[in-house]
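Below is one structure, written out as structure tokens; the observations come after it.
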Amino acid sequence: MSERYHLAVDLRGRPALVVGGGPVALRRARGLLEAGADVRVVAPELCGGLAALADAGDVAWEPRPYAEGDVDGAWLVQTATGDPPVDAAVADEAERRRVWCVRADDAAVSAAWTPAVARAGDVQVAVTAGGDPRRARRLRDAVATGLDTGALPLRRHRPAARGRVALVGGGPGDPGLITTRGRRLLAEADVVVVDRLAPRALLDELDEDVLVVDVGKVPDHHPVPQDRINEVLVEHALAGRRVVRLKGGDPFVLGRGGEEALACIAAGVDVEVVPGVTSAVAVPAAAGIPVTHRGLARQVTVATGHDDLDWASLGRLEGTLVLLMGVTHLARSARRLVEHGRDPRTPVAVVESGFSPAQRTTTATLATVGAVAAERGVRNPAVVVVGDVVGLAEGLAPGGSRGPDAG
């Protein structure tokens, strides 16, 4: 095929004609509808999908064979009857009337082509492959994967008319455990406001001029107060920048994502929340501990370990208790649980630095965990798991050192 001139056209509110009623015609009609065209279908019969569109009033159906004059008034014609002489007749009329016509039966003699399109937000990449639609679709799928995963350069370089904020859950620290949606938004970002426990290895993939704002917190030390973090998000978004708040775990699981989202909404800033794999579930799993297990635990409770909790209620609960940020007050928490009804022999696991080369699991019981953790020098970041499911780590853990007194 000779060189072609590629052009995107605006079909919103403009009439388009589809001749044919089968599955190919359905795909063409759907594409035209997505582009906002007023679609008219000429065919004696319709396949189920096209019939549903006609019944819903999305397309206007004329139940008859193609006839000379049908092209009149159309801005674009797509013919997919499966009958080459009919498709040729439609294309011939379109040529005489100077209307672009896409032939589904023979790309070599078609006057126009519909490319395979990969979409990611406001980015569209059209792929043509020398009249070979299967080849084009395979290339399109490969491009779509690159767009979804942020492997392709998605970031805009012209100022946006309106900024936005995305609260992205980065998962428990392993860069491979962020969602594809989160990774794509990160690739589009102008500003990244990052936590200490977020997957920081992903920052190395950002453009050099992306502004990275480090607001990492450690227990009892918050160099950037939460109110200031909220202000940073809003200020950059109002300046027309795409902002990603990259957090460890999930934004809405003890991550203050709700506060940040409300601050954006109050300032009139568009905000999106992208869930992440919470460390409350993922880090125990990395140590071979399922937080629920048939016959052992049918429920799981997640709480913050550095606040004074309702220990009376927690002591009565069945199932698994997971404490995040719980190392500093670990001995006190274990003692309070025992005081309020938990068996002192209940197994406890403390999993440090989950999904990192430094990952380590210490096991004990409620009666001994304070002393064992102190002896081993257990430190944050760590996830504390209380319950009978801890015993499963013996058979499910991929390896690692363990402490004495496993319950």
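All of the numbers you see were taken from the coordinates with simple rules; none came from a lab. Everything numeric in this text was worked out from a predicted model, so none of it was measured. Neighbour counts are summed over all protein chains in view; Cβ atoms, including those assigned to glycine, are modelled from backbone coordinates with ideal geometry.
How high is the relative contact order of the range 15-114, in percent, with contacts defined as C-alpha pairs under 8 Å that are six or more residues apart? Answer for the range 15-114 is 27 percent. For q = 0.09, 0.11, 0.12, 0.13 Å⁻¹, what log10 I(q)/I(0) does the range 164-277 give under the Debye formula with an equal point scatterer on each alpha carbon and no solvent? So the normalised log intensities are -0.19, -0.29, -0.34, -0.41. Less than 5 angstrom separates the built amide H of residue 102 from those of 77, 78, 79, all sequence-distant by 5 or more or on a different chain. In this calculation the C-beta distance from residue 68 to residue 214 is compared with R0 = 56 Å, giving a FRET efficiency of 0.20. For the chain, a simple Cβ point-charge model (Lys and Arg +1, Asp and Glu -1, everything else neutral) yields a dipole of about 720 debye relative to the Cα centre.
Using bins of 20 Å that start at zero, the share of Cα-Cα pairs per bin across the chain amounts to 23, 35, 27, 14, 1, in whole %.
Distance between the 7 Å Cα→Cβ label points at residue 205 and residue 394: 4.1 nm. Taking every C-alpha pair closer than 8 Å and separated by at least 6 residues, the mean separation divided by the residue count of the range 280-396 gives a relative contact order of 34 percent.
Given R₀ = 35 Å, FRET efficiency for residue 88-residue 122 by Cβ-Cβ distance, to 0.05? Show your work: numbers first, answer last.
Details: r = 38 Å, r/R0 = 1.09.
Approximately 0.40, to the nearest 0.05.
The distance separating the Cα centre of the range 82-146 from that of the range 221-260 comes to 44 Å. Residues in the range 182-188 carry Karplus couplings, in order, of x, 5, 5, 5, 5, 5, 8 Hz; the curve used is 6.51 cos²θ - 1.76 cosθ + 1.60 with θ = phi - 60°, and Gly or Pro positions show x. Looking only at the range 45-80, which residues have a backbone nitrogen under 12 Å from a spot 7 Å from the Cα of residue 97 in the C-beta direction? Only 67-78 fall inside the zone, counting backbone N under 12 Å.
Ordered by packing density, taken as the mean number of other Cβ atoms within 10 Å over each peptide's residues, highest first, how do 241-250, 171-180 rank? Kindly include the intermediate steps, with their values, before the conclusion.
Numbers: 241-250: 26.2, 171-180: 19.6.
Sorting 241-250, 171-180 by mean packing, highest first, produces 241-250, 171-180.
Gain on full extension, evaluated as 0.36 nm per residue between residue 33 and residue 51 minus their Cα-Cα distance, stands at 5.0 nm.
The calculated pair-distance distribution of the range 16-156 uses every alpha carbon pair, bins of 5 angstrom beginning at 0, and gives 2, 10, 19, 20, 18, 14, 9, 5, 3, 1 percent.
Whole-Hz Karplus values for the range 332-343 come out as 5, 4, 4, 5, 5, 5, 5, 4, 10, x, 6, 4 Hz, taken residue by residue from phi with 6.51 cos²θ - 1.76 cosθ + 1.60 and θ = phi - 60°; glycine and proline positions read x. On the basis of the beta-carbon distance and an R0 of 30 Å, residue 109 and residue 8 show a calculated FRET efficiency of 0.85.
By how many nm would the segment from residue 270 to residue 318 grow when fully extended, if each residue of separation counts as 0.36 nm and the alpha-carbon distance is taken off?
On the way: separation 48, 0.36 × 48 = 17.28 nm, distance 4.07 nm.
So the extension gain works out to 13.2 nm.
Amide H contacts of residue 38 (H built 1.01 Å from N, in plane; Pro and chain starts excluded): 13, 14, 16 sit under 5 Å, all sequence-distant by 5 or more or on other chains. Phi angles across the range 352-361 convert, under the Karplus curve 6.51 cos²θ - 1.76 cosθ + 1.60 with θ = phi - 60°, into 3J(HN,Hα) values of 8, 6, x, 6, 10, x, 8, 4, 8, 10 Hz, Gly and Pro given as x.
List the residues of the range 160-200 whose backbone N lies under 12 Å from a point placed 7 Å from the Cα of residue 239 along the Cα-to-Cβ direction. So the set is 190-192. Full extension of the chain between residue 294 and residue 328 gives 9.1 nm of extra length, using 0.36 nm per residue less the Cα-Cα distance.
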